[in-house]
1. Per DSSP H run of at least 4 residues, take -39500 (n - 2.57); add these up for the chain, divide by its residues and hand me the 222 nm value, nearest 500 deg cm²/dmol.
2. How large is the dipole of the chain about the Cα centre if only Lys and Arg carry +1 and Asp and Glu carry -1, each at its Cβ, rounded to the nearest 20 debye?
3. Estimate the FRET efficiency between SER36 and LYS194 by the formula 1/(1 + (r/R0)^6), using the beta-carbon distance for r and 22 Å for R0, to the nearest 0.05.
4. Which percent, nearest 5, of DSSP beta bridges in the range 14-193 are antiparallel?
5. Classify the chain as rounded, prolate or oblate, taking a ≥ b ≥ c as the square roots of the eigenvalues of its Cα gyration tensor: rounded when a/c is under 1.5, otherwise prolate if a/b is larger than b/c and oblate if not.
6. In percent, what relative contact order does the range 14-193 have, based on Cα pairs under 8 Å that are 6 or more apart in sequence?
7. Taking the Cα centre of the chain as the origin and placing charges on Cβ (Lys, Arg +1; Asp, Glu -1), which of MET146, TYR94, VAL159 is farthest toward the positive end of the dipole?
8. Say we join alpha carbon atoms closer than 10 Å with springs in a Gaussian network model of the chain; which of SER185, SER141, SER36 then has the biggest fluctuation?
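What follows draws every value from the coordinates through simple rules; no lab data is involved. Fair warning: this is a prediction, and the values are worked out from it, not measured in the lab. Backbone-built Cβ (ideal geometry, glycine too); neighbour counts: all protein chains shown.
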Amino acid sequence: MQPLRRAEPAHANAREGLIALIKERSFGRGKITLASGRESDFYFDLRPTALHPAGAAYIGELVVDMIKDLDIEYVGGLAMGAIPIATAVAIASYQRGGNIGAFFVRKAEKNYGTRKLVEGLPKGQTLKGKNVLVVEDTTTSGGSAMQAVQVLREEGANVVLVITIVDRQEGAEETFAAEKLPFRSVLTADVFLKD
Ligand SMILES: O=P(O)(O)OC[C@H]1O[C@H](OP(=O)(O)OP(=O)(O)O)[C@H](O)[C@@H]1O
Ligand SMILES: O=C(O)c1cc(=O)[nH]c(=O)[nH]1
């Protein structure tokens, strides 16, 4: 059997490549209700991009570039959106000789099994005292990423920075500023809304 080969070479510029993929696979217009309860007439479903081989590679590259001067030990965020993002960052860090471990925070504890809220660490290990990057696929109010931050702070983690792939510029910046938490976005919604 022939190995699967991609039809197009990877985009030389990760940011441009990511924008093109989001336009193609993740951005849509139409009435929709958001996680915060707000109504909107556009939406980013980042999963088809974050789970695309090139999309994951671009995301990993761009986020690792943004944290290259920081001493980050772990990357993660709230399930589900943050899971492929954190995985992409962990792989990209490893490919560059780094060792950033990925985790995710459950929205709610399971009432069976290990009952852990933070998943990805081996038995006996915690994020206490660890420098953590919180990631998110799309931020609107920032409430979902803040939910992860609160769990991590309760675990004793040092949340250094929050990075979102697309910020809708609808309040997340203010949410994190109120928590004195640095916040950066790879892209903002206006890039997609101007077309
Ligand atoms: O900044 P916010 O106002 O919190 O909104 C953004 C959140 O909404 C979406 O998640 P959703 O709640 O749809 O959950 P899912 O990731 O489990 O699908 C998205 O993945 C973010 O986590
Ligand atoms: O606010 C949200 O719930 C939201 C907005 C958006 O554009 N994409 C998404 O996944 N969630």
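1. Numbers: 7 runs with 67 residues, N = 195.
The helix-only estimate for the chain comes to -10000 deg cm²/dmol at 222 nm.
2. Working: 24 positive and 24 negative charges, 131 e Å.
The calculated dipole for the chain is roughly 620 debye.
3. On the way: r = 24 Å, r/R0 = 1.08.
After rounding to 0.05, the efficiency reads 0.40.
4. Details: 7 of 28 bridges.
Roughly 25 percent of the beta bridges in the range 14-193 run antiparallel, per DSSP.
5. Working: a/c = 1.57, a/b = 1.18, b/c = 1.33.
Note, shape of the chain comes out oblate.
6. Numbers: 343 pairs, mean separation 30.5, N = 180.
17 percent.
7. Comparing the listed Cα positions along the dipole, TYR94 ranks first.
8. Answer for the Gaussian network model of the chain: SER36.
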